There are 2 protein chains.
Amino acid sequence: MNTETNLEHELDAAANWCLQRGEKLTDLRREVLSLLLAHDGSIKAYELLAELQKRKPTAAPPTVYRALDFLLNVGLAHKLGSLNAFVACRELDHTHHHGLMLICDRCRGVHELSDESWAERLAEDAARLGFRLSQQDIEIKGICANCQQVEQAGEA
Amino acid sequence: MNTETNLEHELDAAANWCLQRGEKLTDLRREVLSLLLAHDGSIKAYELLAELQKRKPTAAPPTVYRALDFLLNVGLAHKLGSLNAFVACRELDHTHHHGLMLICDRCRGVHELSDESWAERLAEDAARLGFRLSQQDIEIKGICANCQQVEQAGEA
DNA sequence: TTTCTATTGTTATATTATAACAAAACATTT
DNA sequence: AAATGTTTTGTTATAATATAACAATAGAAA
């Protein structure tokens, strides 16, 4: 199975995901999601716009922001507030509460953690203050494994 | 002890904090920190600028952003990436690794958690992926106790 | 078809943040 | 004090991020 069919597969799954929620993954939204998925790490809205314009010269900022808003709302993408960047959600299947996004300071890559036992503890601590957590992603910064290796190689 | 002397007390402590790090809390920085401290919740850069201009009409965006950068670097303030807003750090004394910021979706208020036992667990999970956490704040969204009460009152 | 709603197009503008260079303040050495 | 270097602040311009507002189009429902 090559990359292209893999991508189409993911997009079809996303379309289904939308239908189950009474929403539609239109051509435009599908294209934006496709661009998001094609990026390993996160991507910025105006980078996405530039990509989109290659195939759709008419695209303007609202074009991309509206598609992103849709994808965020339906859970197909995440916004990384600390970077003002966006990333496709790769973990559609599990019922996730707080997506934990490990963001690499170096390469802007993102790894989404699905283990959530730590989250319970967190929610307890917050509850002790009367704080009720909303279901949003939590962003953690650091250096990914790959960039740590590059770092060491540079020091050698 | 009234509010004013309390504020001056905090500002003096902040000045000391800077000196210990070989940095200086200049008048300008002190004024910006003062405005940050005067706000319960978080405040946006341009709101801060407007406040600053009341006493210092010459102030421009770089004025406030430079002061904020300084305060962030020396640890006297936090940036909330998800809101593009800023907040004074109220927990100077303890050696904190990852400040946990509970941000209210409603009132933009922030509560800084100092208990960090959950952070160890988090670091372990991340380490399993080879991810090394950097010492940065972690932002958690939700509804604060106060806003929950207001919410209920509205429903009654 | 007609009507209603959702989506997309388009233009303009708001909001957030930084670059670049000049001036002033401050510290250090002579 | 004068000369020098460094840090901080002033100032203008502009970059980067995001949304408002309204027109046009497409799709669904009556």
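The values are calculated or read from the model by the stated rules, or taken from the named source; none is laboratory data. Values in this document were obtained by computation on a predicted structure and should not be read as measured data. Here the Cβ positions follow ideal geometry from the backbone for every residue, glycine too, while neighbour counts run over all protein chains shown. Protein only, heavy atoms only, side chains kept; ligands, DNA and RNA dropped before computing areas. Shrake-Rupley method; radii C 1.70, N 1.55, O 1.52, S 1.80 Å.
So here's what we get for this one:
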{"item": "Residue identified as touching a Gly at 6+ places or on another chain (Cβ under 6 Å), open to solvent by 10 Å² or more (accessible area, probe 1.4 Å), more than 10 Å from chain A (Cβ to nearest Cβ) and in a loop (DSSP other than H, G, I, E, B) among B:Arg108, B:Arg90", "result": "B:Arg108"}
{"item": "Extreme residue, nearest to the chain's Cα centre (by Cα), among residues of segment A:122-156 that are open to solvent by 100 Å² or more (accessible area, probe 1.4 Å) and at pLDDT below 80", "result": "A:Gln135"}
{"item": "Candidates B:Thr63, B:Thr26 - the one that is free of Cβ contacts under 8 Å to residues at least 12 places away in the same chain, β-branched (Val, Ile, Thr) and within 11 Å of DNA strand D (Cβ to nearest atom)", "result": "B:Thr26"}
{"item": "Flag if B:Leu28 is in contact with a strand residue (DSSP E or B) (Cβ under 6 Å, 6 or more places away or on another chain), modelled with pLDDT of 95 or more and either surrounded by fewer than 18 Cβ atoms within 10 Å (Cβ to Cβ) or within 28 Å of B:Cys147 (Cα to Cα) (or both)", "result": "no"}
{"item": "Lone unmet requirement of (1) in a loop (DSSP other than H, G, I, E, B); (2) more than 9 Å from chain A (Cβ to nearest Cβ); (3) not aliphatic (A, V, I, L, M) for B:Gln136", "result": "(2)"}
{"item": "Residue check for B:Asp105: more than 13 Å from DNA strand D (Cβ to nearest atom), over 26 Å from A:Ala85 (Cα atoms) and under 17 Å from the mean Cα position of the chain (by Cα)", "result": "no"}
{"item": "Selection from segment B:36-52 of residues that are of a type outside the set (Ser, Thr, Tyr) and open to solvent by 30 Å² or more (accessible area, probe 1.4 Å)", "result": "B:Ala38, B:His39, B:Asp40, B:Lys44, B:Glu47, B:Ala50, B:Glu51"}
{"item": "Selection count, segment A:1-58, where residues are aromatic (Phe, Trp, Tyr) and under 15 Å from the mean Cα position of the chain (by Cα)", "result": "0"}
{"item": "Flag if B:Ala119 is more than 14 Å from chain A (Cβ to nearest Cβ) and touching a residue at least 12 places away in the same chain (Cβ under 8 Å)", "result": "no"}
{"item": "Restricting segment A:31-50 to residues that are within 13 Å of DNA strand D (Cβ to nearest atom) and assigned to a helix (DSSP H, G or I), the residue that is farthest from A:Leu80 (Cα to Cα)", "result": "A:Ala50"}
{"item": "Residues within segment A:53-83 that are surrounded by 14 or more Cβ atoms within 10 Å (Cβ to Cβ) and farther than 18 Å from A:Thr26 by Cα, tallied", "result": "6"}
{"item": "Condition check for A:Ala45: of a type in the set (A, V, I, L, M), closer than 26 Å to B:Gln136 by Cα, at pLDDT 95 or above and more than 11 Å from DNA strand C (Cβ to nearest atom)", "result": "yes"}
{"item": "Filtered residue count, segment B:117-132, keeping only those that are touching a helix residue (DSSP H, G or I) at 6+ places or on another chain (Cβ under 8 Å) and assigned to a helix (DSSP H, G or I)", "result": "5"}
{"item": "Matching entry among A:Leu83, A:Leu72 (being at pLDDT 85 or above, assigned to a helix (DSSP H, G or I), among the hydrophobic types (A, V, I, L, M, F, W, C) and within 13 Å of DNA strand D (Cβ to nearest atom))", "result": "A:Leu72"}
